[in-house]
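Remarks on the structure that follows.
The values are calculated or read from the model by the stated rules, or taken from the named source; none is laboratory data. Because the structure is predicted, anything quoted here is derived from the model rather than measured. Methodologically, a virtual Cβ is constructed for each residue, glycine included, from the backbone with ideal geometry; neighbour enumeration extends over all protein chains shown. For the accessible areas, the whole protein counts, side chains as well, though only heavy atoms, and no ligand, DNA or RNA atoms are used. Shrake-Rupley method; radii C 1.70, N 1.55, O 1.52, S 1.80 Å.
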Amino acid sequence: MGTANVILMIAQPVHGSSLCFEIGGILNTLDVQLGDTVQAIPYAKLVDYVKTSGAAAGDPSRLVGDANGVFGIVQPFSLASVRNEDRKASLDSAVNSRQNIYFSKYANAGFVISTIRASYDKTSPASNPNLLDRLADLAQRQMVELDEAYTEDDRTGVVRSTSSSVETTNRSSGSSNRASKFYQESVGAQAGKGAKLPRVPPVPWEGHPDKTWSIGYESHRKIAQSTAAMAITTGVNYEESNNDGHASGEQSATHVDYEYRTPYIEAHARNLRAQISLRNQKFEAYMFSQNIPHLERIFANELSSVDNDVYQLQVALLRSFLISPVEGRVTGVYKNPGDAVNAGEPVIRVEDNRLVHLLANLAHSGPIPIGATATVTTSLAGPGNPPITVSGPVASVRGHASGTRWEVAIRINNTDGSGNDILPVGYVFDPEYTDVSIA
């Protein structure tokens, strides 16, 4: 197909990215500088690493992906980060809550499931559905007997007053006996004429001899007319008493209020409410029993849902780190730690120099097909430098109305045998020292 004249040609990397955060904030860390080589990882692969990190070895209750765990996964690929302490705290709280939930229900899932089946499966005699059936029967029997009793006593109408009566009977009896025996002996003594006999009566019949009592009782004694002697006195005392008592009483009261009652109707109303409540409980038990055959799967799904809630917070934390989807070198740094960063604002530029597009405006007679091989020979920096030759397929072609002007993109492997770049990225070719042939 011949040669083409270069009007304009520039080398641009095929893979390059102006990296930005999904969220705004304050730049916290900047882990790369201009010229550093960047390790690439697709974002989807990174989040899969986090999601599949699972639980700690030997401890299924504890997820590995807490804040420190996520940082350990993303650190080898992180180029920068924004402040994320709130996201770390939220994630750690969720991981702790997940562990508590696991202990409360899923650690002994087998026992919990068997207990649920025993409580709600109709095949179990003591299950809640069967107990509710029995309770409904008892409530209905109670209503039938109450209805018969109210009807038999002719109390199906309005009750305007209530009466009550109390009858009491008390009876008591008792007896007591008391016996006493005493002796009194006086020693012979002479009492002179005019002495009171007996000589000293007991207290308190007369004032105390030492006069400490101000009031006493004067006893009646005789006055000796001549010398006399004391006498010996003996005696027996016996007392007996019996008592018996009986009391009875009866009282009645009638209460009349302006708020009349209808016990017969109230009993029926209570029964209806009980039956409605029991029907609702039986329906709830029935709906819950639909889960009985699938409890193992339901438990697994519930735990997975809890893990997905944690996963959302893990992803939210990942958004605070900047990673590169392409491997290459840092060719631009636009922010420094402490700078405000808006969502979608470029922070770092990474370009892969190993594969470049030569974007050229060529003059060529006849069409240039996509897929044709273009060979470019040029002297970098003008004459006197050794020429270099690169070639590659034509990746795209756009023609002009004249039919001889073409905008093409030629894909070139830009790495030599030593792994060094052949063409500098952004290099603008000098048309005078560049030849292009199309084959």
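Couple of notes before you dig in:
- Charge dipole (the stretch 1-79, unit charges on Cβ, about Cα centre) - positive-most of 57, 44, 1: 1
- Summing charges over all other residues whose Cβ lies under 14 Å from the Cβ of residue 54, with Lys and Arg as +1 and Asp and Glu as -1, gives -1.
- For the stretch 21-64, trypsin sites (Lys or Arg not before Pro) are listed when DSSP marks them as loop and at most 16 other Cβ atoms sit within 10 Å of their Cβ; the list is empty.
- Shape class of the stretch 25-68 from the alpha-carbon gyration tensor: prolate, with a/c at 1.5 or above and a/b greater than b/c.
- Where N is the number of residues in the stretch 1-107, Cα Rg divided by 2.2 N^0.38 Å: 1.66
- Gain in span if fully extended, residue 225 to residue 308, counting 0.36 nm per residue against the direct Cα distance: 17.1 nm
- Column: log10 I(q)/I(0), Debye, Cα scatterers of the stretch 317-439, q = 0.11, 0.17, 0.20 Å⁻¹: -0.54, -0.94, -1.12
- The residues neighbouring residue 329, those whose beta-carbon lies less than 11 Å from its own, together hold a net charge of -3 under the Lys/Arg +1, Asp/Glu -1 convention.
- Residue 282 accessible area, 1.4 Å probe, all protein chains in place, Å² to nearest 10: 80
- Normalised size of the stretch 290-386, defined as Cα radius of gyration per 2.2 N^0.38 Å with N residues, equals 2.15.
- Using a Förster distance of 35 Å, the FRET efficiency for residue 122-residue 57 (Cβ separation, nearest 0.05): 0.25
- Heavy-atom accessible area order for 151, 377, largest first, 1.4 Å probe: 151, 377
- Label-to-label distance, residue 68 versus residue 296, with points set 7 angstrom from Cα along the beta-carbon direction: 3.6 nm.
- Overall, the stretch 258-316 carries a charge dipole of about 460 debye about its Cα centre when +1 sits on the Cβ of Lys and Arg and -1 on the Cβ of Asp and Glu, all other atoms neutral.
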